[in-house]
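The values are calculated or read from the model by the stated rules, or taken from the named source; none is laboratory data. No experiment lies behind these values; they were computed from the predicted model shown. Cβ: placed from backbone, ideal geometry, glycine included. Neighbour counts: every protein chain shown. In case anyone asks, the SASA skips ligands and DNA or RNA and just uses the protein heavy atoms, side chains included. Shrake-Rupley method; radii C 1.70, N 1.55, O 1.52, S 1.80 Å.
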Amino acid sequence: MDHEYSISGRLWVDNVDSVLLNQDCREYAIGDIVFLLSPAGVNEIQISLRDKSMAVSISDDKISTCCADLSRRFASRVRMERLHEEYGNANVFNGGSDYEVVCADSLVCEYDNGREIAFSKQSV
């Protein structure tokens with residue numbers, strides 16, 4: 001079975017250009033984890049891992065801490081998600097099999113100005 005891990009997020013601000021104008025604001029690091037910040041819309045900034053292979057080893061607590069810290073730093077609302085998908089053979093209606101997601105779990109956390117407003121874990 002194969003496993004796929006991803007961590008991503010969104011940061012909502014009044015003016016994306018003014019936030020990302022400063023080179024120091026295009027990356028956010030906490031310890032050895034580095035997130036890239038890039039424009040995603042008029043008032044949205046996309047948050048992604050610089051090194052996608054690190055997603056497997058980042059804890060839920062660390063994701064929540066990053067989310068809260070980014071929210072405080074930019075005095076805005078931030079939402080971060082971690083998704084783990086497990087791929088394997090699944091039965092299909094005609095008796096055959098297909099290689100697809102057989103199990104998935106996710107974490108979603110959201111902070112506004114450093115205050116937690118949502119935190120949930122789900123497994124499917």
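Structure data summary
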{"read-out": "Which numbered condition I7 fails, given (1) open to solvent by 80 Å² or more (accessible area, probe 1.4 Å); (2) part of a strand (DSSP E or B)", "value": "(1)"}
{"read-out": "Single residue of the range 64-84 satisfying the filter (at pLDDT 90 or above and charged (D, E, K, R)) that is surrounded by the most Cβ atoms within 10 Å (Cβ to Cβ)", "value": "R82"}
{"read-out": "Filtered residue count, the range 33-63, keeping only those that are open to solvent by less than 20 Å² (accessible area, probe 1.4 Å) and in contact with a helix residue (DSSP H, G or I) (Cβ under 9 Å, 6 or more places away or on another chain)", "value": "7"}
{"read-out": "Any hit, the range 11-29, residues being at pLDDT 90 or above and open to solvent by less than 20 Å² (accessible area, probe 1.4 Å)", "value": "yes"}
{"read-out": "Selection status of D17, closer than 20 Å to E116 by Cα and either charged (D, E, K, R) or assigned to a loop (DSSP other than H, G, I, E, B) (or both)", "value": "no"}
{"read-out": "Pair list, Cβ under 6 Å, 6 or more apart: the range 97-122 residue exposed (fewer than 13 other Cβ atoms within 10 Å of the Cβ), other residue outside any strand (DSSP E or B)", "value": "D98/V92"}
{"read-out": "Hey, A55 under 30 Å from E100 (Cβ atoms), in a helix (DSSP H, G or I) and in contact with a strand residue (DSSP E or B) (Cβ under 7 Å, 6 or more places away or on another chain) or not", "value": "yes"}
